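Engineer: Please find one structure pasted underneath; my questions will follow.
Taken together, the values in this text are just the output of simple stated rules run on the coordinates, not laboratory data. Model, not experiment: these values are computed from the prediction. Quick reminder, even Gly has a Cβ in these numbers, built from the backbone with ideal geometry, and neighbours come from all protein chains shown.
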Amino acid sequence: MTRVLSLLLLAFMVLSPPGFATADDSKELRKQRHDAQQERQKQKNARAAEINEATRDFKEYARDLKTDYREQLKDLDTEFELRRVELKADHNARVAGVEAENQKKLMGLFMNPEVEYTDQTVQQLQAEAKTFAGALFDLKKQSAEELQRELIANEERKNTLLAEADQMALDEAAKLGLTDEYAPILAAPIGDGLTKQEERWNGREKKEVVKLDERNRKTLSAFRNGAKLRQWEIGNLNEDFKLSWDEKAKLHALQSERIFYNTLSMQVVQAGQVDRQKVVEQMTELNEKTKLINIEYRKIRDKNRITRREEKKAILAN
């Protein structure tokens, strides 16, 4: 019996995992792992506190910086507003003179008692009226382009100021450590290797530093991408201006015809010199074309609003 027990004990010792017989060693390993885990958690907590404090300090700095530059930006806008008042007053004076002259010429076409209103005569009158209206439209567009150039120049000046502020903010962020890459706080093998718990810790920690980097990038995004975003917005202002005046040009052509036929109707249709039904049909067609143009450009603006929303997200995501 004693021999049998001895053999069983020997077999059990051979088949048992290393360290089983040294309970004190296993307990010591568990203590080392526990202490290491506590130290890792302590480092992680300290890192989180440091990042939170740096983020608070940065946001406070950014608010103060924005306040400091607000007055300078306001001064630029005030100068532009004063310039715009001058430009619009000058523009309105020139337009008033041309409009008055245009009205005289237009009425003069219909006040000639010797004119016989045949189809050919109406076409000639319409061509002359179109020339008058075209000159007025060109003057309005010229004034609008002058004002647009002033607007863009002001936006460029503001962009230069804000780019300066952005760089100051990024410099402060670097001092606070918000542009640094964080090394994961990983568990090192103790004893025979990592435990399952330590492996899960390492996996979470690797993901955590990625999240921290994304969080800091989001905090600094407006400053890193500010100049690019503002330049994109300036491009949109120019694009919108061109779109607006393309639409106005098409509507102007129809409006000038409408004014012509309205005047024609008031002056000569009552006298029976022009087919009333033909004038009404022409006016109806002009109204329909106007509605179609409005629909066309509304669709373009709606599409632009959607695509620009995504473009802005892409710019800020970098």
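Engineer: How about Lys206: which aspartates and glutamates have a C-alpha closer than 15 Å to its C-alpha, ignoring those fewer than 8 places off in the same chain?
Structural biologist: Candidates past the 8-residue exclusion: Glu181, Glu198, Glu214.
Engineer: Here's another thing I want to ask about it. What does the convex hull of the Cα atoms come to per residue for region 155-252, in Å³?
Structural biologist: Working: hull volume 11.6 nm³, N = 98.
Given the Cα convex hull of region 155-252, per-residue volume reads 118 Å³.
Engineer: Moving on. With θ taken as phi - 60° and the coefficients 6.51, -1.76 and 1.60, list the Karplus ³J(HN,Hα) couplings across region 193-201 in order, rounded to whole Hz; mark glycine and proline as x.
Structural biologist: x, 6, 7, 4, 4, 5, 5, 5, 4
Engineer: Among Phe260, Phe132, Phe241, what is the fewest-to-most ranking by other Cβ atoms within 10 Å?
Structural biologist: Phe241, Phe132, Phe260
Engineer: According to the Kirkwood expression over distinct Cα-Cα pairs, how big is the hydrodynamic radius of region 137-180, in Å?
Structural biologist: Working: mean 1/r = 0.0773 Å⁻¹.
The Cα-based Kirkwood calculation yields 12.9 Å.
Engineer: Still on this structure: Extension gain Arg30-Gln167, at 0.36 nm per residue separation less the Cα-Cα distance, in nm?
Structural biologist: That works out to 44.3 nm of additional length.
Engineer: What does the convex hull of the Cα atoms of region 83-227 come to per residue, in Å³, rounded to a whole number?
Structural biologist: 175
Engineer: Tell me which aspartates and glutamates have Cα within less than 15 Å of Lys250's Cα, excluding those fewer than 8 residues away on the same chain?
Structural biologist: Asp138, Glu285, Glu288, Glu296
Engineer: Still on this model: Would you list, by chain and number, the lysines whose Cα falls below 24 Å from the Cα of Lys312, excluding same-chain residues fewer than 8 positions away?
Structural biologist: Within the straight-line limit of under 24 Å, Lys312 reaches these lysines: Lys59, Lys66, Lys158, Lys211, Lys218, Lys228, Lys242, Lys299, Lys303.
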